[in-house]
Structure formats: C-alpha cells, structure tokens
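First up is the structure itself, then whatever we jot down about it.
The values are calculated or read from the model by the stated rules, or taken from the named source; none is laboratory data. The shown structure was predicted, so the numbers you read here are calculated from the model rather than taken from an experiment. Note that each Cβ is placed from the backbone with ideal geometry, even for glycine, and that neighbours are counted across all protein chains shown.
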Amino acid sequence: MEKVILVFVKLKKDIDRSAFEAFEEKVAKYNITLSSHKSFKVLRTIGVLGNETLESPYDYIEIIDIVSLESMYQTVEKDGKIKAFIEEFQQFAEKSQFLITEYLVSVASLP
C-alpha cells in the first residue's frame, strides 16, 4: 500500500539555509528517478499558525510519496547514492523525525 513519509527537520545553528536548500533540491531530483519513490516535496516553515511570534520547532518538512515501505527499504539498502545523501543530511540536521503515514482523506478544489 502507498505510504507517505513525513520528515521534520531542525537545522543545526550554524547551517546556511541556502546550502541545505541546494542539498534538498539535489536529493529531490535524484529521488524521483527511483522506482520506489513517487514524489518528493520540501516545505520551509515560516511560522506557527495563530502565534506568528513563536518559532517553529522545525525548519523544514519533507513529504515523500513512496510505492511501499518494502520497495523503499530495498532501494535504500542497494543504492550507494542514497546512503551518501543520508550521511550528508546528518551534517545539516540537529534533529529530525521520520513518520510513516498513509492517506486517509484527500480532496482538492475544483477549477
């Protein structure tokens, strides 16, 4: 069954955001070429709804649509480039959290 991985990322204090965003662009372009991945989106947090003066607990959120967990695990296990991306990611992130989700409801506005 199709899954969606949500990745919440808090950058280390000394990290240049433009360097991280360039890294994410590189990762996204590679990941969408993989048969286990359907899409890869990165969101930059800009505030907390209802309290814009509060700092967000995370700087970025990745949304990764995958075919299945099994296919993703097989890809990660066999793909050296993905392993290198994971190591590079760890240099940027102070903390991160990876959540496995699946669609429950999905609606879109009509044109």
What pairs can you find where one residue is in the range 78-106 and more than 15 Å from residue 61 (Cβ to Cβ), the other is hydroxyl-bearing (Ser, Thr, Tyr), and their Cβ atoms are less than 9 Å apart, with a gap of 6+ or different chains? 81/30; 82/30; 82/75; 85/30; 90/96
Selection within the range 1-22 - among the hydrophobic types (A, V, I, L, M, F, W, C), surrounded by fewer than 17 Cβ atoms within 10 Å (Cβ to Cβ) and in a helix (DSSP H, G or I): 19, 22
Here are 107, 27: which of them is within 16 Å of the chain's Cα centre (by Cα), under 20 Å from residue 3 (Cβ atoms) and β-branched (Val, Ile, Thr)? 27
Within the bounds of the range 31-38, is there any residue that is exposed (fewer than 12 other Cβ atoms within 10 Å of the Cβ), at pLDDT below 95 and outside any strand (DSSP E or B)? yes
Out of the residues in the range 61-82 that are within 15 Å of the chain's Cα centre (by Cα) and charged (D, E, K, R), state the one that is surrounded by the fewest Cβ atoms within 10 Å (Cβ to Cβ). 65
Can you spot a residue in the range 39-48 that is surrounded by 15 or more Cβ atoms within 10 Å (Cβ to Cβ), touching a helix residue (DSSP H, G or I) at 6+ places or on another chain (Cβ under 7 Å) and in contact (Cβ under 8 Å) with a residue 40 or more places away in the chain? no
